[in-house]
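Here's the structure we're looking at; comments come further down.
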Amino acid sequence: MKSKNILLSLVAGAAFCACATQPAVKEEPSLKTVLGDKFLIGVSLNTRQSSGRDTASLNIVKRHFNSVVAENCMKCEVIHPEEDRYDFRQADEFVKFGEENGMFIIGHCLIWHSQLAPWFCVDKEGKEVSPEVLKQRMKEHISTIVTRYKGRVKGWDVVNEAILEDGSFRQSKFYEILGEEFIPLAFQFAHEADPEAELYYNDYNMSSEGKRNTVVRLVNEMKSKGLRVDAVGMQGHMGMDYPDMEQFEQSILAYASTGARVMITEWDMSALPTVNRTANISDTLAYRKALNPYPESLPDSVSEHWNARMEAYMNLFIKHADVISRVTAWGISDSDSWKNGFPIKGRKDYPLLFDRDYQPKPFVKELLEKK
Ligand code: XIL
């Protein structure tokens, strides 16, 4: 009995000493601690994540990221499916998640030709509406959504994908009915609804020269009219053989020359054979086995190449951290990625920073170990 008491007091004493002298618990390295002094590090969330159901992914989000963007739930077809009906359920959940976790919240996206509710540009007979009606609809749509999240959503992708690679305007309904004017109008309406919110123009293949020139002109023109344009979003959907890094860097510098910041808004890199370079979601192709070469796992040689390219791009973003204010990955782990279904359905891709077991990819691990 006595010896047991002595033992207990020895254990207690040792525990006390350990507490008294124990150094502060070492924080687990995270992307936001490694990169936080350079730019925001963000990720897109699907609804299983923003509703709290996908806990494995949420552990990664909370540990590594300080900004979130909605992958789908703020798009017109979801949030405003009929002219006189909004559905804010998923968007409300997303914004609440972002606030509760101290995230810089991004709204994606206000005016876009894809995932647009079918009613938006036509009348009851299916005929194109007049310019006046479309302006009014845009204003109502933008003001309602931006006002609802005023002060909570800190930045908006106001217009998404309006310019083509050759620098011409996409022949979307918005362009056909209103011409170029739909772009500055969208920025004006968003700014009127929340003067504090940051406003962005966002697009894919932003390193192509034609698109670069038109976007630079557009941003300069809007700024000279006194409109607020905070950043140009380079989506950053990449492959193993595109984009060309020099052209990408030239674009970063060109967009920054307008005085706006640059954001890498939808970063992923397909490890599969490139079948097209667009991220226009209607540009799809039929499945062929040869185009899905790694249905089990990624061979080491491909993984090494992928990691080297991703590391090189991350280093490029760090090099230009004076003008890049956010880098956002388009999904958390490989199993979430839209690239498993685009541009070909049913492939197994490996495009994100975390693998299917929620482990950081080698280049991310190295980054984390640097701190
Ligand atoms: C994608 C989503 O990831 C998919 O879940 C959805 O089915 C289609 O849209 N450019 C954009 C994003 O701006 O909104 C797109 O997201 C990918 C391309």
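Of the residues screened, V69 is not one that is crowded, with 18+ Cβ neighbours inside 10 Å and farther than 25 Å from A162 by Cα. Counting only residues that are of a type in the set (G, A, S) and crowded, with 16+ Cβ neighbours inside 10 Å, segment 261-294 holds 3 of them. For the condition buried (at least 21 other Cβ atoms within 10 Å of the Cβ), over 17 Å from the mean Cα position of the chain (by Cα) and part of a loop (DSSP other than H, G, I, E, B), D349 qualifies. Just to be sure, is Y242 in contact with a strand residue (DSSP E or B) (Cβ under 6 Å, 6 or more places away or on another chain) and of a type in the set (S, T, Y)? So Y242 does not fit the description; no. When you check S303 against the structure, is it of a type in the set (G, A, S), touching a helix residue (DSSP H, G or I) at 6+ places or on another chain (Cβ under 8 Å) and outside any loop (DSSP other than H, G, I, E, B), yes or no? Yes. The residues in segment 152-173 that are in contact with a Ser or Thr (Cβ under 9 Å, 6 or more places away or on another chain), among the β-branched types (V, I, T) and in a loop (DSSP other than H, G, I, E, B) can be counted, and the count is 0. Take the conditions (1) in contact (Cβ under 8 Å) with a residue 40 or more places away in the chain; (2) over 18 Å from the mean Cα position of the chain (by Cα); (3) within 20 Å of N160 (Cα to Cα); K75 misses just one of them, which is (2).
Evaluation of I106 against the conditions (1) away from the ligand (no atom under 14 Å from the Cβ); (2) under 15 Å from the mean Cα position of the chain (by Cα); (3) among the aliphatic types (A, V, I, L, M) shows that the sole unmet condition is (1). Being crowded, with 23+ Cβ neighbours inside 10 Å and in contact with an Asp or Glu (Cβ under 9 Å, 6 or more places away or on another chain) holds for only one residue in A256, A190, A231, and it is A231. Within segment 50-72, if we keep just the residues that are in contact (Cβ under 8 Å) with a residue 60 or more places away in the chain and within 15 Å of the ligand (Cβ to nearest atom), the residue that is nearest to F104 (Cα to Cα) turns out to be V69.
For segment 118-169, a residue qualifies if it is within 16 Å of the ligand (Cβ to nearest atom), of a type in the set (S, T, N, Q) and more than 23 Å from I264 (Cα to Cα), but none of them does.
Within segment 118-152, restricting attention to residues that are within 17 Å of E176 (Cβ to Cβ), of a type in the set (D, E, K, R) and surrounded by 13 or more Cβ atoms within 10 Å (Cβ to Cβ), the residue that is farthest from the chain's Cα centre (by Cα) is E128.
Results for (1) among the aliphatic types (A, V, I, L, M); (2) under 21 Å from R170 (Cα atoms); (3) more than 14 Å from the chain's Cα centre (by Cα), shown as yes or no for each residue.
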| residue | (1), (2), (3) |
| --- | --- |
| V219 | yes, yes, yes |
| D230 | no, no, yes |
| M245 | yes, no, yes |
| A260 | yes, no, yes |
| M269 | yes, no, no |
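Answer yes or no: is there a residue in segment 266-285 that is in contact (Cβ under 8 Å) with a residue 12 or more places away in the chain, of a type in the set (A, V, I, L, M), in contact with a Lys or Arg (Cβ under 8 Å, 6 or more places away or on another chain) and over 25 Å from L58 (Cα atoms). Checked against the condition, which is being in contact (Cβ under 8 Å) with a residue 12 or more places away in the chain, of a type in the set (A, V, I, L, M), in contact with a Lys or Arg (Cβ under 8 Å, 6 or more places away or on another chain) and over 25 Å from L58 (Cα atoms), segment 266-285 yields at least one hit. Annotation: of all residues in segment 82-117 being assigned to a loop (DSSP other than H, G, I, E, B) and free of Cβ contacts under 8 Å to residues at least 24 places away in the same chain, the one that is surrounded by the fewest Cβ atoms within 10 Å (Cβ to Cβ) is D84. Whenever a residue of segment 195-211 is over 17 Å from S143 (Cα atoms) and among the aromatic types (F, W, Y), its partners that are assigned to a loop (DSSP other than H, G, I, E, B) and at pLDDT 95 or above, lying with C-beta atoms within less than 6 angstrom and at least six residues away or across chains, give the pairs Y204/Q235.
Cβ-Cβ distances below 8 Å connect the following pairs, each with a first residue in segment 320-345 that is more than 13 Å from the ligand (Cβ to nearest atom), a second residue that is outside any loop (DSSP other than H, G, I, E, B) and of a type in the set (D, E), and a separation of six or more residues or different chains: H320/E249.
The values are calculated or read from the model by the stated rules, or taken from the named source; none is laboratory data. Just so it is clear, the structure is predicted and the values come from calculations on it, not from any experiment. For neighbour counting, all protein chains shown are included, and Cβ atoms are generated from backbone atoms with ideal geometry for every residue, glycine included.
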